[in-house]
Amino acid sequence: MLKQENVNIESIKFFPKNARVHRKKNLDAIKESLSRFGQVEPLVLQKSTSYVLGGNGRLEAMKSLGWEKVSCVHVDVSDKEALALSVALNRTSELSEWDVEALQEVMSFVKDDKGLLPGWSDDELSAMLDTSWEVEEIGEVLNEDSEAANGTDHADSAEVGPESLKGMGD
């Protein structure tokens, strides 16, 4: 069973082989969410190193907001498993898609309190609530925007190859 702990943020290390890029728009949305809702899910740390395997973007946002303590869970994995887990945690989320009709319903319910929708611009919210769009069209736009925001266009991703992974195997 995982045990959640509150730890000093300065004792946590960014994962040096993190394959995700967190651009300004993403970090701003994370900061908005943290400011509005607080930390609702723990960072995932490798037990032996205190490297963040899940939550590097949240850690960056928390540091910029001046947080001193954060909630974490430690997983006892090898260096090779840490590499795989760090990718898996991001990839599994990336493979999901929006249920546009359900999203429209949620957005219409909370639209009057924009603070409840971190990461959504006024234009994106308007497009979601525009009933002249077909659900399929909105879904295509959302998934394209998600890919661009998540860096899946790979425009400025770090190169990962045998040399960049040196020292991370067991």
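Here, each number is a calculation from the coordinates, and none is a lab measurement. Nothing here was measured: the structure is a model prediction, and the numbers come from that model. Counting neighbours? That spans all protein chains shown, and the Cβs are built from the backbone with ideal geometry, glycine included.
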Normalising by the residue count of region 41-105, find the relative contact order in percent from Cα pairs under 8 Å and 6+ residues apart.
36
Full extension from Ser93 to Lys13: what is 0.36 nm times the residue separation minus their Cα-Cα distance, to one decimal in nm?
26.5 nm
List the pairs from Lys3/Lys24; Lys24/Lys111; Lys3/Lys111; Lys31/Lys111; Lys25/Lys47 whose alpha-carbon separation is above 25 Å, in the order I gave them.
Lys3/Lys24; Lys3/Lys111; Lys25/Lys47
I'd like the FRET efficiency for Val75 and Ala102, computed as 1/(1 + (r/R0)^6) with the beta carbon distance as r and R0 of 30 Å, rounded to 0.05.
0.40
When the chain is fully extended, how far beyond the present Cα-Cα distance does Val110 get from Ser35, taking 0.36 nm per residue of separation?
25.3 nm
